[in-house]
1. Filter the DSSP H helices in the chain by two things, a Kyte-Doolittle mean of at least -1.0 and an axial alpha-carbon span of 27 angstrom or more, and list the hits by number.
2. Would you please give the residues with an amide H less than 5 Å from that of Thr298, counting only those at least 5 places away or on a separate chain, with H modeled from the backbone geometry?
3. Calculate, for Val433 and Gln394, the FRET efficiency according to 1/(1 + (r/R0)^6) with r their C-beta to C-beta distance and R0 30 Å; round to the nearest 0.05.
4. Quick check: residue separation of Arg294 and Asp274 times 0.36 nm, minus the Cα distance between them. What number comes out in nm?
5. Where in the stretch 330-344 is the amide nitrogen less than 16 Å from a point lying 7 Å along the Cα-to-Cβ axis of Lys351?
6. What distance in nm separates the simple spin-label points at Ile159 and Asn141, each placed 7 Å from Cα in the Cβ direction?
7. Name the GluC sites (Glu not before Pro) in the stretch 383-492 that are in a loop by DSSP and that have at most 16 other C-beta atoms within 10 Å, would you?
8. Taking a 1.4 Å probe, which of Asp312, Asp273, Asp459 shows the most accessible area, and what order do the others take after it?
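The values are calculated or read from the model by the stated rules, or taken from the named source; none is laboratory data. Because the structure is a prediction, the values reported are computed rather than measured. When we count neighbours, we look across all protein chains shown, and the Cβ atoms used for this are built from the backbone with ideal geometry, even at glycine. Side chains included, ligands, DNA and RNA excluded: accessible areas come from the protein's heavy atoms. Shrake-Rupley method; radii C 1.70, N 1.55, O 1.52, S 1.80 Å.
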Amino acid sequence: MARKMLINGELEKSNQEESHYDFDLFVIGAGSGGVRASRFSAQFGAKVGICELPFHPISSEVIGGVGGTCVIRGCVPKKILVYGASFGPELELFLFEALLYSKPILFSQTLKFISCEIYNFWVRLDARNYGWELNEKIDFNWKKLLQKKTEEIIRLNGIYKRLLSNAGVKLYEGEGKVVGPNEVEVTQLDGTKICYSAKHILIATGGRAQRAAIPGQELAITSDEALSLDELPKRAVILGGGYIAIEFASIWRGMGCTVDLFFRKELPLRGFDDEMRAVVARNLEGRGINLHPRTSLTELVKTEEGIKVVTDHGEEIMADVVLFATGRVPNTKRLNLEAVDVELDKTGAIKVDEYSRTNIPSIWAIGDVTNRMNLTPVALMEGTLFAKTVFGGQPCKPDYSNIPCAIFCIPPLSVVGLSEEQAIEQAKGDVLVFTSTFNPMKNTVSGRQEKTIMKLVVDAETDKVLGASMCGPDAAEIMQVSVVFVQYFMNS
């Protein structure tokens, strides 16, 4: 006679009862979190299927791609553009220094000599692959950089597919939706629909950029389109004060565009350390970006000269492109979650418990679709811990404390742990703040007034590092050392 056991209060099912499922796990969404959860679950012995929308650099409700936002239309292509934009000011600096230390007889002859020397130097650093040429003058080829960016995301898209295949995960291209607590329907590229059953369903569909609800909003673009523009704009207007707005302002300005940045607060990057926010704002202005604090947009109008941008102060500015960097929303609209009563919050995000489980025991969710902490490394962590919890016999809760992040403006900002304001609010005793501010050596010749600042926030009684931040060249890499100290001290 077969025996059944109670596990966590639930009656254990026999192998015969479980065998009617097509999969142990079916994942909707093959971004960073979904791919990680699929692969790790398969390594634990689970039979896994995953579906993802067809690939395209610009997403929509029916377009996506294996790799998700980070790989296709987020971190990776954005950082390629940031790297490309960084060459412009650097080339100008090197040209300035070369002219300063040269003794020209004829300027044109000297420029040709300098051009050869600097050109050879920057070729070794792959400046040409980022669209820059230095002949008689500094030229930038936007289409060349765009091509390189597209080639890279196509390469990574292929790598992610191979990772799934090598792990034994079955990939379906098409749109997935939930039709039952243990059933997913996939609409394939030819329109046919196939249903698959699974003991567990994991939703990892991420999020999508949203537009500001103002007249003429259809004339604006989001970060998706900004990464794939056919032509580089000469005049750009950006609405938003978050990291996407700051990064694209730096990108376009570094490529020679006129940039006007509008945001609602006195300083950009709400929620970050106030002192670092002020530093970023000064750096943006120092590089020629026009800041418009406490200002929003009320209307966009198409004209023969471009897009007329109207502000809530009555100002009018002409632009070739208007970018809305006004937040992102979870991708839950087309998942049919209401049919199985999966609970959502007011933003449309899926509600989950501390183990990433929804109110329906067989359905789970990770990543941006849950709107917890919308960062790629966090989605990877949640995917890993999901696999361990469900298939590895190791129940694990994600830890969202002391997660580092970087804003890839030029120069970048990187932080980990508490800001000064958060530390003062949360600490039980006194807080010590240590800062170091200096002018990078290369700025002394160019005259650029752009200082690097480093900051540590420390518990006065225990000497534990509560938080660290840096704004300056290579901040994201340098901050890795501080991450180790903050996480060690906070966990000790």
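1. Span-like helices, by this rule, are 75-101, 142-166.
2. Those lying under 5 Å, H to H, from Thr298 are Val310, Thr311, Asp312.
3. Plugging the Cβ-Cβ distance into 1/(1 + (r/R0)^6) gives 0.15.
4. Net length gain for the segment: 5.6 nm.
5. Only 337-344 pass the distance filter.
6. In this crude label model, Ile159 to Asn141 measures out at 2.5 nm.
7. Details: sites: Glu420, Glu421, Glu425, Glu450, Glu461, Glu477; in loops: Glu450, Glu461.
In loop regions of the stretch 383-492 (DSSP not H, G, I, E or B), the sparsely surrounded GluC sites (Glu not before Pro) are Glu461.
8. Asp312, Asp459, Asp273
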